[in-house]
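Throughout, read-outs are computed from the coordinates displayed, never taken from laboratory work. Since this is a predicted model, take the numbers as computed values, not measurements. Here the Cβ positions follow ideal geometry from the backbone for every residue, glycine too, while neighbour counts run over all protein chains shown.
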Amino acid sequence: MRPRGALCLLTPAMLGLTACAPVPVDQAERSCLTAARDASGPRTEAGFGVGSDGFRGGYFSVGVSSDYMAGRDPSEVFEDCVLRRSGQPPSRPLYEQPGWRAS
């Protein structure tokens with residue numbers, strides 16, 4: 001019974017460690033584009049709803065990243081993010097990434 005109990009305790013711990021494993025560089029690059037965009041400027045979003053009886057409500061939100069507040073270069077943020085997630089440098093600079101456009 002003892003080995004089974006130890007196995008029950010180790011399995012969740014091992015699953016938790018796999019979540020920290022490095023991801024492939026291309027996957028890290030795709031997910032780090034958001035961090036670079038956030039460092040390039042505030043993110044805004046607005047919306048409203050209209051029903052058959054007319055205007056029903058709306059919202060407006062502004063998000064500002066700490067990297068933007070600190071004045072960090074988006075390409076530096078991107079490179080650090082990819083290195084942290086994959087353990088390797090990006091395959092190409094931020095400005096050559098497909099889908100990159102500064103806000």
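A few notes on this one:
- Summed side-chain charge close to Pro24 - residues other than Pro24 whose Cβ falls under 15 Å, Lys, Arg +1, Asp, Glu -1: +2
- Inter-probe distance in nm under a simple model that places probes 7 Å from Cα toward Cβ, at Val64 and Arg43: 1.6
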